[in-house]
Each structure stands twice: as structure tokens, then as C-alpha cells.
Amino acid sequence: MTTTSWALLAVTFAFAIADWWATWAERPQVRHITKPATLALLIGVAVTLEPVDPTIRTWMVVGLVLSLAGDVFLMLDERWFVAGLGSFLLGHIAYIVGLQLAPRSWGWTAVGIVAVLVAIGTVGRRVVQGVAGGEHREMVGPVIAYLVVISAMVVSAFGTAGLWAIVGASLFYVSDATLAWNRFLEQRRFGPLAVMVTYHLGQIGLVAWLVWP
């Protein structure tokens, strides 16, 4: 980590905390600033740090940029939801490429496979059933595709045997699972806040992995 990346990380946390407050307080005008700013600052962190592998850093930055695009799309009205989903799906593919470029641990890969199979068999299955039985049946295909890709991202993170990668990807998975549950099954007051806290911490974890694999 460079002095610049440390400074940007501190500002990233400040904007993230502001976004968490605005999420809980339901202040969309504030979130139009804090939500994209948090990811934009985190991109700055990733660009200015000193990575173990510059090529991996490039792919992770691509994933962050696509995540930023997804954040913006999801702030717009309902018709942009699929665009947001697609941006995050492409972002996870970029993360998969970056994670797969790291040295592999097949034992940890097996642990990751078991973890996502359990998650799919419990939460994922319920979400897909909720989509199929609700008002958005046309979303079944995109939701399944997204579930497969983010699961592959988590398995790829486990395969690195890197603590930051595993924690970051797992938190990202929890964030998206919470978002899907809140959207398609049952809305809960704490849901949006839980989504953003785990999302931001997950992204920060993936960036930290670039320095501490």
C-alpha cells in the first residue's frame, strides 16, 4: 500500500459509512453521491496501491469499474435493474479471471465448492422459487445465470487460499443473497443496510487481497 492508497482508503471508508447512514435513513439524494463515490474512491485505492501481480490488479479494477456501473444502474428506476444485474455479472467474470490467475489451492477450492453448494441449496433455491412464483418470472433466467457466475467467483476466491479474497468474496455473496431475498421474497427494514455494509466490505476485502494475498 502506498501513502496515496492509504489516504484514499480512509476517504473510501468515510463515504461508505455515510452511505450506510443514508441507506438506513432513506436519504436517496445523499446516496446519489455517497454510493458511486465509495466505489470510485476504492478504484483509486486499487490503481494507486502496489500489487503483488499487476495483471491481476488490472482484472480486479475492471471488476470494480463494472461494479460502479452496476451501482449507478441500480440507483435508477426499475427498468434499469437488468442493466445493473448485467454489469455486476460481467464484473464477477472479471474477478473470476483475476482470481484464477493467482496460484491455486485445490483443497480450498473444494471447500469453496461445498460452501456455494450449501448456499445454493438453501438461499439460492428459495430465491429462484420466489422469482418463478412472483411478478417477475421473466427474471428467472438472468437470476440463475447471476447465481452461477457469483458462485464461480466465490469458488475462485477460495481457490486462492487468500484470507482477504475469501472474506471479500463471501461478503459479496452475502450482500447479493440479502438483496435478492429482500427483493423477491421478503422485505425487511434492515435488508438494504445489510446489503450495503457487506457489499462495501466485500469489495474492500477483494482490493486488500491484491496486496496481502
Self-check item: Unique match (being more than 11 Å from the chain's Cα centre (by Cα) and not in a loop (DSSP other than H, G, I, E, B)) among VAL195, VAL154, VAL128
Solution: VAL128
Exercise. Considering every residue within the stretch 113-123, establish whether at least one is closer than 30 Å to GLU26 by Cα and either surrounded by 16 or more Cβ atoms within 10 Å (Cβ to Cβ) or in contact with a Gly (Cβ under 6 Å, 6 or more places away or on another chain) (or both).
Key: yes
Quiz item: With respect to ASP53, is the statement that it is buried (at least 17 other Cβ atoms within 10 Å of the Cβ) and among the acidic types (Asp, Glu) true?
Solution: no
Quiz item: Taking the condition closer than 18 Å to GLY202 by Cβ, out of contact with any Leu (no Cβ under 8 Å at 6 or more places or on another chain) and touching a residue at least 24 places away in the same chain (Cβ under 8 Å), does VAL82 pass?
Solution: no
Quiz item: For the stretch 26-102, which fully contained helices (runs of 4 or more DSSP H) count at least 1 residues that are touching a helix residue (DSSP H, G or I) at 6+ places or on another chain (Cβ under 9 Å), of a type in the set (D, E, K, R) and modelled with pLDDT of 95 or more?
Solution: 28-48, 54-75
Quiz item: When you go through (1) among the β-branched types (Val, Ile, Thr); (2) in contact with a Gly (Cβ under 8 Å, 6 or more places away or on another chain); (3) over 30 Å from LEU185 (Cα atoms) one by one for VAL52, which number turns out not to apply?
Solution: (2)
Quiz item: Does the stretch 51-59 contain any residue that is within 19 Å of the chain's Cα centre (by Cα) and under 24 Å from ALA194 (Cα atoms)?
Solution: no
Self-check item: Residues (of a type outside the set (A, V, I, L, M), within 22 Å of ALA83 (Cα to Cα), modelled with pLDDT of 95 or more and surrounded by fewer than 24 Cβ atoms within 10 Å (Cβ to Cβ)) located in the stretch 146-172
Solution: SER151
Quiz prompt | Residue satisfying all of: in the stretch 13-32; β-branched (Val, Ile, Thr) and in contact (Cβ under 8 Å) with a residue 12 or more places away in the chain; farthest from HIS92 (Cα to Cα) among these | solution = VAL30
Quiz item: So which residues in the stretch 8-24 are surrounded by fewer than 16 Cβ atoms within 10 Å (Cβ to Cβ), of a type in the set (A, V, I, L, M) and closer than 14 Å to VAL197 by Cβ, if there are any at all?
Solution: ILE17
Quiz item: Is the stretch 105-117 home to any residue that is over 19 Å from the mean Cα position of the chain (by Cα), part of a loop (DSSP other than H, G, I, E, B) and at pLDDT 95 or above?
Solution: yes
Quiz prompt | Matching entry among SER87, SER156, SER105, SER67 (being of a type in the set (S, T, N, Q), in contact (Cβ under 8 Å) with a residue 12 or more places away in the chain and under 17 Å from ALA177 (Cβ atoms)) | solution = SER67
Exercise. Mind listing whichever residues of the stretch 77-107 are aromatic (Phe, Trp, Tyr) and surrounded by fewer than 17 Cβ atoms within 10 Å (Cβ to Cβ)?
Key: TRP80, PHE81, TRP106
Practice problem: Only one of these is crowded, with 16+ Cβ neighbours inside 10 Å and more than 16 Å from TYR95 (Cα to Cα): LEU39, LEU68, LEU74, LEU64. Name it. | Solution: LEU74
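The values are calculated or read from the model by the stated rules, or taken from the named source; none is laboratory data. Here the structure is a predicted model, which means the values were calculated and not measured. Using ideal geometry, Cβ is built from the backbone for each residue, glycine included, and neighbour counts are taken over all protein chains shown.
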